[in-house]
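Step one of this worksheet: look at the structure below.
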Amino acid sequence: MIIITNDTPTATAFKAALATEASTLLVFQHANRLALPTIKAVEALPLALPSYAQVVLKHHAAVQASREFHPENTVITTPHSVIGDGGLTVMAGPDSIESPEHVATMGQEVKAVGATVLRGGSFKPRTSPYSFQGVGESGLIAHRQAADAAGLDMVTEVLDPRDVDVIDQYTDIFQIGTRNMQNFALLKAVGAKRKPVVLKRGMSATLDEFLQAAEYIAAGGNTDIILMERGIRSFDNKYTRNTLDVGAIAVLKQMTHYPVFLDASHAAGERALVTQLTLAGVAAGADGFMLEIHDNPDAALVDAQQAITPAQMGDIVSKARQIHTIVRGV
Ligand code: PEP
Ligand code: MN
């Protein structure tokens, strides 16, 4: 249930009264609105509603993610980026942190062509246990230094709840990858932090499941969530690694107030397709996008086929900004 009261003080006072009456009742507040995820009918409320309150019973199960609870866009502010404010945010970098020198160079390169966030994995989710797993904490240190030197934010993937604290010491933004979208222990662990999270859509996840995964993070009190469409499994992955669900971007923008991003690198799996797919996602209303880049793409340690050069990235960013200007407010 969502209760819409006349003003924020009324909602705050009703929340306090509910806490006194039923100390274990779950209540979330956004301005003049209260969400009570476990209450399904007015009769189940332990107190009478405040006068003039309006009740919404039909809302998404991921109630905190819903526009009914939080009509306006969530805007996330990091040291170098403002995300979800109607602008277009670019996150880019190598798939993996390879060496301190390499990530430092990549930081300067992506900054020069419009990124405000430097990506790169130090803990890598690989299909085979024998593939390169990332360099670990030394990569976090190098990544942090590269981001600071270039004046960028840092985003990096966390694979395991036990790594959340160490990664938290370095990063500005956590990334949860497609393979962990429903790793509930991990979602809860980042939900306990007060730092933005890029949550990638599971490769076979429905949009309802995607929002419910975000809700796990929000339930812990962390509502700085960026949803990232990165392509889903379909029947044909011969020519594209995944199927970019462009429609999902438009739908999510309607359903939820969280910023919606796309990652065309993992959707395409092929560098020649990254430009078109990124532009398609921006046309569908994305608030930003992620790109995997490398100065010598064929030599990238991971995901070489989809890595693009900083020059190709520059071309994408300038075209994407033009498209973004056209579709803004559609
Ligand atoms: C990545 O960003 O390098 C990555 C592993 O992405 P995904 O989780 O979308 O496969
Ligand atoms: Mn990758």
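The values are calculated or read from the model by the stated rules, or taken from the named source; none is laboratory data. Nothing here was measured: the structure is a model prediction, and the numbers come from that model. Note that each Cβ is placed from the backbone with ideal geometry, even for glycine, and that neighbours are counted across all protein chains shown. When the accessible area is computed, the model is the full protein with side chains, heavy atoms only, and any ligands, DNA or RNA have been set aside. Shrake-Rupley method; radii C 1.70, N 1.55, O 1.52, S 1.80 Å.
Within the range 287-302, is there a residue that is buried (at least 18 other Cβ atoms within 10 Å of the Cβ), under 30 Å from residue 193 (Cβ atoms), at pLDDT 95 or above and away from ligand 2 (no atom under 15 Å from the Cβ)? Spell out the reasoning first.
Initial filter on the range 287-302 (buried (at least 18 other Cβ atoms within 10 Å of the Cβ)): 287-294, 297, 300-302.
Filter once more, keeping what is under 30 Å from residue 193 (Cβ atoms): 287-294, 300-302.
Among the residues that remain, those that are also at pLDDT 95 or above are: 287-294, 300-302.
Narrowing further to those that are away from ligand 2 (no atom under 15 Å from the Cβ): 287-288.
Yes, that holds for at least one residue.
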Residue match in the range 267-280 (condition: more than 22 Å from residue 122 (Cα to Cα), touching a strand residue (DSSP E or B) at 6+ places or on another chain (Cβ under 7 Å), crowded, with 24+ Cβ neighbours inside 10 Å and at pLDDT 95 or above): yes
Matching residues, the range 111-148, being closer than 19 Å to residue 198 by Cα and hydrophobic (A, V, I, L, M, F, W, C): 115, 117, 118, 123, 140, 147
All positions within the range 304-330 that are within 16 Å of ligand 1 (Cβ to nearest atom), touching a His at 6+ places or on another chain (Cβ under 9 Å) and under 14 Å from residue 92 (Cα atoms): 306, 307, 308
So residue 135, is it closer than 30 Å to residue 256 by Cβ, surrounded by 14 or more Cβ atoms within 10 Å (Cβ to Cβ) and touching a helix residue (DSSP H, G or I) at 6+ places or on another chain (Cβ under 9 Å): no
Residue within the range 33-56 that is at positive phi and open to solvent by 50 Å² or more (accessible area, probe 1.4 Å) present: yes
Number of the condition not met by residue 244 [criteria: (1) open to solvent by 10 Å² or more (accessible area, probe 1.4 Å); (2) over 27 Å from residue 132 (Cβ atoms)]: (2)
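Would you mind finding the one in 122, 96 that is among the polar types (S, T, N, Q), within 16 Å of ligand 2 (Cβ to nearest atom), surrounded by 21 or more Cβ atoms within 10 Å (Cβ to Cβ) and more than 24 Å from residue 214 (Cα to Cα)? Before the answer, list the steps.
Values: 122 fails: more than 24 Å from residue 214 (Cα to Cα).
Result of the check over 122, 96: 96.
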Test: residue in the range 95-104 that is under 16 Å from residue 198 (Cβ atoms) and either of a type in the set (A, V, I, L, M) or in the same structural domain as residue 208 (by TED's automatic domain parsing) (or both): yes
Pair list, Cβ < 6 Å and 6+ apart or interchain, from the range 75-88 residues that are more than 19 Å from residue 322 (Cα to Cα) and touching a residue at least 60 places away in the same chain (Cβ under 8 Å) to residues that are among the hydroxyl-bearing types (Ser, Thr, Tyr) and open to solvent by less than 20 Å² (accessible area, probe 1.4 Å): 81/89
Long-range neighbours under 7 Å by Cβ, at least six apart or interchain, first residue within 13 Å of residue 196 (Cα to Cα) within the range 154-169, second polar (S, T, N, Q) and not in a strand (DSSP E or B): 154/171; 155/171; 156/122; 156/171
Selection from the range 1-24 of residues that are open to solvent by 40 Å² or more (accessible area, probe 1.4 Å) and part of a loop (DSSP other than H, G, I, E, B): 6, 7, 23, 24
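In the same structural domain as residue 95 (by TED's automatic domain parsing), within 16 Å of residue 105 (Cα to Cα) and buried (at least 18 other Cβ atoms within 10 Å of the Cβ): is that true of residue 316 in this structure?
Values: in the same structural domain as residue 95 (by TED's automatic domain parsing): yes; within 16 Å of residue 105 (Cα to Cα): no; buried (at least 18 other Cβ atoms within 10 Å of the Cβ): yes.
Spelling it out, it is not the case that residue 316 is in the same structural domain as residue 95 (by TED's automatic domain parsing), within 16 Å of residue 105 (Cα to Cα) and buried (at least 18 other Cβ atoms within 10 Å of the Cβ).
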Wholly enclosed helices (runs of 4 or more DSSP H) of the range 198-311 bearing at least 2 residues over 15 Å from the mean Cα position of the chain (by Cα) and without any contact (Cβ under 8 Å) to a residue 40 or more places away in the chain: 246-255, 264-268, 271-283
